[in-house]
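Taken together, the values in this text are just the output of simple stated rules run on the coordinates, not laboratory data. Predicted, not measured: the structure shown is a model, and the values here were computed from it. Here the Cβ positions follow ideal geometry from the backbone for every residue, glycine too, while neighbour counts run over all protein chains shown.
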Amino acid sequence: MGVETAINIAELREHARRRLPRMVFDYIDGGSDDEQTLARNTAAFRERELLFNVLAGVTDIDLSVEILGMKSPVPFILAPTAAQRLFHPRLGELAAARGAARFGAPYAVSTLATQPLDAIAGAHPGPRIFQVYVWKDRQLVADILDRVRAAGYGALALTVDAPVAGNRERDRRNGFTIPVSLNTKTVPQALSKPGYLLDLLLGGPAQPANFPLPHAGDVMTHINTQFDRSISWDYVCWLKDAWGGPLAIKGLSRPDDAVRAVEAGADAVWISNHGGRQLDTAPATLDTLPAIRDALKGRAQIILDGGITRGTDIVKALALGADAVAVGKAYLYGLAAGGEAGVARAVEILKNETERAMALVGRASVAELGKDVLAG
Ligand SMILES: Cc1cc2nc3c(=O)[nH]c(=O)nc-3n(C[C@H](O)[C@H](O)[C@H](O)COP(=O)(O)O)c2cc1C
């Protein structure tokens, strides 16, 4: 059965599990330490109940939103995720971008992308976001920004929740690194998935394509050494100035930090715990949303990610005050399972489910979604 017939995101996940060596599947699927935050992100959506109005005169559903100055036909963004040629060795980000583009869904490109950022732009007319980190080498970031601007990206996201890489124990157990190194742990895993292995050998190592790695080796080690842990909110002011366009700060979990982000120049607060991959036991993103929304008092837009696998999840986050949401794993399962077609199927599933959920709660547009559709 192909990805086109997958009924939901959980089925795409099963397709991905069958296709990928265990180490690559676990890199997508796993979290840090005991994976409590990973589980909480999903549980928080499950625990909330949706209330529905009937006979609400809802004929056409309008899912469109404006986020970071860009119009989008759907209220969800494909979140930035590293090294997509690991998940789809031949095309990686190009396949993901094309799949998203079929529905005009916003696509966010990671600094750790394994395809050139201008080639990705060519595969996805927009809306597009580029994600950067807090790096010691500001000249390196400034050079990347020049290329991001030249390639016509509409907005920037600064990820702040990864001053060190999280403790991903599945990766350590599996001997997983980026790029994949061949050793006694990884070779048997790769050999057990010959289809993937062939693609990997043809595609070559999944290296970052948008900045030079100073020396050969593991990308996560490089990130750990590049991250400037001495810096503070003045970096946001510098970045806003250097970029000059719409800016989101990604990886916020507390109202005080959300307010600081806005004071430093952020146009959007991106509530995220990196999909439960960084600080374990941090709260579910959905649970932090009400206090952050209240603290911001409408001074910045809100994006939320973490644990979204259903249209009802999207409706809940929008009803609680997010202006848009983002999904990571949900589309990566599609990418791994079927490249462009798999990503397109993930987007289609989420779009259809969101439309259906809106019709069932009796709301015709995102603007009509408020707290009253949630119980309690
Ligand atoms: C495999 C993987 C790689 C990721 N790489 C990055 C990255 O390079 N930069 C970043 O800001 N976030 C990264 N993230 C976090 C996502 O942008 C997003 O916050 C998270 O996936 C949302 O949670 P969800 O996967 O439950 O939807 C990554 C997530 C995953 C699953």
Checklist entry - Do any of K136/K185; K71/K371; K297/K329 go past 26 Å between their Cα atoms, and which? => result K136/K185; K297/K329
Item to check | Least to most buried among S32, S110 (fewest other Cβ within 10 Å first) | outcome: S110, S32
Checklist entry - Once phi is turned into θ = phi - 60°, what whole-Hz ³J(HN,Hα) does the Karplus curve with 6.51, -1.76 and 1.60 give for every residue of the stretch 344-353, x standing for Gly and Pro? => result 4, 5, 4, 5, 4, 4, 5, 5, 4, 5
Checklist entry - Excluding A357 itself, what net charge comes from residues whose Cβ is under 10 Å from its Cβ, given Lys and Arg +1 and Asp and Glu -1? => result +1
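Which value, in debye to the nearest 20, describes the size of the charge dipole of the stretch 3-368 about its Cα centre when Lys and Arg Cβ atoms bear +1, Asp and Glu Cβ atoms bear -1, and nothing else is charged?
Dipole of the stretch 3-368, to the nearest 20 debye: 660 debye.
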Next on the checklist: For the ranges 233-241, 300-308, 280-288, what's the packing order if you count other beta-carbon atoms within 10 Å of each residue, average per peptide, and put the highest first?
Outcome noted: 300-308, 280-288, 233-241
Checklist outcome for this item: Scoring the stretch 20-129 by relative contact order with C-alpha pairs under 8 Å, at least six apart, yields a percentage of 21
Checklist entry - What is the stretch 77-166's relative contact order, in percent, from Cα pairs under 8 angstrom and six or more apart in sequence? => result 27
Next on the checklist: Which one, Q115, W238, A291, is farthest towards the positive end of the dipole of the chain when Lys and Arg carry +1 and Asp and Glu -1 on their Cβ?
Outcome noted: Q115
Next on the checklist: Largest first and in whole Å, what are the equivalent-ellipsoid semi-axes of the stretch 26-133 based on the Cα gyration tensor, each being the root of 5 times an eigenvalue?
Outcome noted: 29, 23, 12
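What does the helix-only formula give at 222 nm for the chain: each DSSP H stretch with n ≥ 4 adding -39500 (n - 2.57), the total divided by the residues, and the result rounded to the nearest 500 deg cm²/dmol?
-13000 deg cm²/dmol, from helical runs alone.
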Item to check | Förster-model FRET efficiency, 30 Å R0, T184 and D218, C-beta, rounded to 0.05 | outcome: 0.95
Next on the checklist: Quick check: net charge around L20, other residues with Cβ under 12 Å of its Cβ, Lys/Arg +1 and Asp/Glu -1?
Outcome noted: +2
Checklist entry - At q = 0.26 Å⁻¹, what log₁₀ I(q)/I(0) does a Debye calculation on the Cα points of the stretch 318-363 give, no solvent, two decimals? => result -0.92
Checklist outcome for this item: Other residues with Cβ under 10 Å from the Cβ of A295 give, with Lys and Arg +1 and Asp and Glu -1, a net charge of +1
Checklist outcome for this item: Per the rule of 0.36 nm per residue minus the C-alpha distance, extending L55 to D372 adds in nm 112.5 nm
Checklist entry - Once you charge only the Cβ atoms, +1 for Lys and Arg and -1 for Asp and Glu, what is the size of the charge dipole of the stretch 105-151 about its Cα centre, to the nearest 20 debye? => result 100
Next on the checklist: Pairs of alpha-carbon atoms within less than 8 angstrom and 6+ residues apart define the contacts here; what relative contact order does the chain have, in percent?
Outcome noted: 30
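Counting each pair of different Cα atoms once, what's the Kirkwood radius of the stretch 169-241 in Å, rounded to one decimal? List each step's numbers first, then the result.
On the way: mean 1/r = 0.0666 Å⁻¹.
Radius from the Kirkwood sum: 15.0 Å.
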Checklist entry - For the stretch 7-80, which semi-axes, largest first and in whole Å, follow from the square roots of 5 times the eigenvalues of its Cα gyration tensor? => result 31, 18, 15
Checklist outcome for this item: Rh (Kirkwood, all Cα-Cα pairs) for the stretch 85-131, Å, reads 10.3
Checklist entry - For the chain, what is the percent of antiparallel DSSP beta bridges, rounded to the nearest 5? => result 15
Next on the checklist: So if each residue of separation counts as 0.36 nm, and I subtract the Cα-Cα distance between A39 and A291, what length gain in nm does that give?
Outcome noted: 88.6 nm
Item to check | Positive dipole terminus of the stretch 1-61, leading residue within I7, A44, I61 (C-beta point charges) | outcome: I7
Checklist outcome for this item: chymotrypsin sites (Phe, Trp or Tyr not before Pro) in the stretch 14-96 lying in a DSSP loop, each with at most 13 other Cβ atoms within 10 Å of its Cβ, come to F52
Item to check | Ratio of the Cα radius of gyration of the chain to 2.2 N^0.38 Å, where N counts its residues | outcome: 0.94
Checklist entry - For the stretch 139-273, rounded, prolate or oblate, judged on the Cα gyration tensor with a ≥ b ≥ c (square roots of eigenvalues), a/c < 1.5 rounded, else prolate if a/b > b/c? => result prolate
